[in-house]
């Protein structure tokens with residue numbers, strides 16, 4: 001049984017894992033960079049060890065140093081959180097070869113679902129509908145143009161090893177395709193060390209809806225309902241909610257998508273927590289786009305709606321335990337909304353805003369949860385993702401969750417840096433969002449019609 005876990009991450013997700021460990025009677029070990037000496041996850045873990053310089057390439061992405069720290073501290077398992085090495089098949093293999101449990105899927109599943117072209121082929125063979133596109137990576141521009149014409153413009157060019165909107169470009173004709181094809185390949189090479197891209201039909205103004213999956217090592221695969229992640233900027237999620245406003249009105253579609261999500265996970269012989277992501281058009285046609293083989297940033301909305309602790313489930317599954325509930329046992333009795341609180345200035349094109357927080361006062365009250373590593377006096381380093389917290393508000397109905405979100409955002413005080421709190425307040429009072437009509441095109445429209453002085 002797991003007695004000590006090394007957390008190969010930082011920030012709020014590291015804190016989230018530490019708290020789960022404490023409740024389960026498991027010791028936690030933090031690793032940190034020189035820039036994170038004062039971070040809360042370092043202060044709250046049972047043990048902590050520095051693994052390198054401020055840049056993630058010198059610390060959190062150094063698998064060799066993390067494995068060495070794990071061996072020195074004699075840990076039983078490593079939890080990768082999200083980002084960094086969480087979807088790195090080679091890192092998972094290294095853990096396995098060192099007899100350290102990797103709290104996530106097997107390296108084989110990460111490899112299958114980490115390559116988007118292979119992932120599409122895998123789930124397609126299992127009967128899951130995918131977006132029309134190329135059969136695999138395309139290296140030649142001439143061949144790529146032929147494929148784009150066959151699919152029909154507009155098309156989207158995607159990095160095979162991509163994520164976070166990098167290596168992703170939209171083309172509306174042959175002329176723009178030639179340019180975007182090379183831009184996407186260059187971005188992919190710089191971001192992931194792999195310039196391979198594939199092509200898909202671009203679904204205009206869809207909803208981005210994902211299903212949370214749990215799968216044990218005994219063959220049981222369940223879904224824990226959906227999250228609507230349509231509010232995005234440059235393919236980066238800003239707000240997530242469960243259940244989806246669209247699927248509330250289409251319960252039969254929810255059942256179909258839930259079954260498809262389970263099929264996709266089974267096809268990858270999946271274990272642990274994961275997410276199956278779909279695009280859904282206005283007519284209710286849904287298409288598999290990818291699987292995230294890790295815990296998601298937005299997992300708290302699922303926890304609040306279902307009452308299931310996903311981090312504890314991850315640890316139990318890694319311990320070899322069977323899921324002790326069935327699909328019919330899962331109850332969806334609340335509505336939850338998560339706002340990502342980023343150290344960015346929305347009034348200045350979302351420029352990052354690192355610096356020292358002079359005042360930090362999180363909101364509270366009924367139906368309010370804050371997952372954050374920020375505190376008064378904490379200096380946000382410029383080396384990592386700009387997210388400093390997540391505000392999750394929930395209640396028996398979407399209307400109440402919206403009201404609580406606006407109230408909590410009004411209470412949330414962060415001074416010394418710019419944040420996205422004013423942006424979220426404006427969205428929570430926007431009629432389009434309130435009516436549940438946001439698609440992936442929402443943010444572009446919202447920003448074009450909203451005065452920037454509301455974000456200051």
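Things to note:
- Of all positions in the stretch 345-364, at least one carries a residue that is at pLDDT 95 or above, surrounded by 20 or more Cβ atoms within 10 Å (Cβ to Cβ) and assigned to a strand (DSSP E or B).
- Only one of the listed residues (434, 421) is touching a residue at least 60 places away in the same chain (Cβ under 8 Å) and more than 30 Å from residue 58 (Cβ to Cβ). That residue is 421.
- Residues of the stretch 181-230 that are out of contact with any strand residue (DSSP E or B) (no Cβ under 9 Å at 6 or more places or on another chain) and at positive phi: 205, 219.
- Of the strands (runs of 3 or more DSSP E) lying entirely inside the stretch 170-273, those carrying at least 1 residues that are under 19 Å from the mean Cα position of the chain (by Cα) and under 20 Å from residue 338 (Cα atoms) are 207-215, 221-233, 236-242.
- Checked against (1) surrounded by fewer than 22 Cβ atoms within 10 Å (Cβ to Cβ); (2) in contact with a helix residue (DSSP H, G or I) (Cβ under 8 Å, 6 or more places away or on another chain); (3) not in a helix (DSSP H, G or I), residue 445 passes all but condition (3).
- Residue, surrounded by the fewest Cβ atoms within 10 Å (Cβ to Cβ), within the stretch 242-258, restricted to residues that are under 17 Å from residue 289 (Cβ atoms) and without any contact (Cβ under 8 Å) to a residue 40 or more places away in the chain: 256
- Flag if residue 140 is on the phi > 0 side of the Ramachandran plot and surrounded by fewer than 20 Cβ atoms within 10 Å (Cβ to Cβ): no
- Candidate set from the stretch 404-417 (those that are surrounded by 14 or more Cβ atoms within 10 Å (Cβ to Cβ) and in contact with a helix residue (DSSP H, G or I) (Cβ under 8 Å, 6 or more places away or on another chain)); member that is nearest to residue 380 (Cα to Cα): 414
- Answer from 371, 385 - the residue that is under 16 Å from the mean Cα position of the chain (by Cα) and either loosely packed, with under 15 Cβ neighbours inside 10 Å or part of a loop (DSSP other than H, G, I, E, B) (or both): 385
- Residue 374 being at pLDDT 95 or above and closer than 22 Å to residue 297 by Cα: yes
- Filter pass, residue 401 being in contact (Cβ under 8 Å) with a residue 24 or more places away in the chain, closer than 30 Å to residue 42 by Cβ and either more than 23 Å from the chain's Cα centre (by Cα) or assigned to a helix (DSSP H, G or I) (or both): no
- Residue check, residue 63 touching a strand residue (DSSP E or B) at 6+ places or on another chain (Cβ under 8 Å) and either over 26 Å from residue 279 (Cβ atoms) or surrounded by fewer than 21 Cβ atoms within 10 Å (Cβ to Cβ) (or both): no
- Here residue 455 passes the criteria (1) touching a helix residue (DSSP H, G or I) at 6+ places or on another chain (Cβ under 9 Å); (2) surrounded by fewer than 20 Cβ atoms within 10 Å (Cβ to Cβ); (3) over 29 Å from residue 247 (Cα atoms) except the one numbered (2).
The values are calculated or read from the model by the stated rules, or taken from the named source; none is laboratory data. Note that the coordinates shown come from a computational prediction; the quantities given were computed from them, not determined experimentally. We place every Cβ from the backbone using ideal geometry, glycine too, and count neighbours over all the protein chains shown.
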